[in-house]
Amino acid sequence: MQKHVFRKVDPKQLLINIISMTIIYFFGKPVLKAMLDLPIENEQSFLKERQAAIIDLLLFGIVADRNRTS
C-alpha cells in the first residue's frame, strides 16, 4: 500500500462537512428548489445523484495531491 494517499484533515471538520452536505437537502429542500430551480421529479434518482456527488467531492478533497510540495 502506498503511503500518503490521504492528506491530513481534521476528523471533526470532516464529519461536520459530511453531515452538512447530507442534511442540507432535507432541511433546505424548498429553498434549494426555489433558488436553484431544481425540478426534482424523481426524488430517489436525485438522492442517488446527490450521494455520488458528495462521495466524489469528499474523495477528491482528501486524496493527496502528488503535485503539491506541502
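The values are calculated or read from the model by the stated rules, or taken from the named source; none is laboratory data. Nothing here was measured: the structure is a model prediction, and the numbers come from that model. In case anyone asks, the SASA skips ligands and DNA or RNA and just uses the protein heavy atoms, side chains included. Shrake-Rupley method; radii C 1.70, N 1.55, O 1.52, S 1.80 Å.
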Across the range 24-33, in residue order, what do the Karplus-derived ³J(HN,Hα) couplings come to in whole Hz, using 6.51 cos²θ - 1.76 cosθ + 1.60 with θ = phi - 60° and x for Gly and Pro?
4, 4, 6, 7, x, 3, x, 5, 4, 4
What does the accessible area of VAL31 come to, in Å² to the nearest 10, when a probe of 1.4 Å is used?
90
Among the aspartates and glutamates, select those whose C-alpha is under 13 Å from the C-alpha of LYS33, and discard any that sit fewer than 8 residues away in the same chain.
GLU41, GLU43
Rounded to the nearest 10 Å², the accessible area of LEU58 using a 1.4 Å probe with every protein chain kept is 40
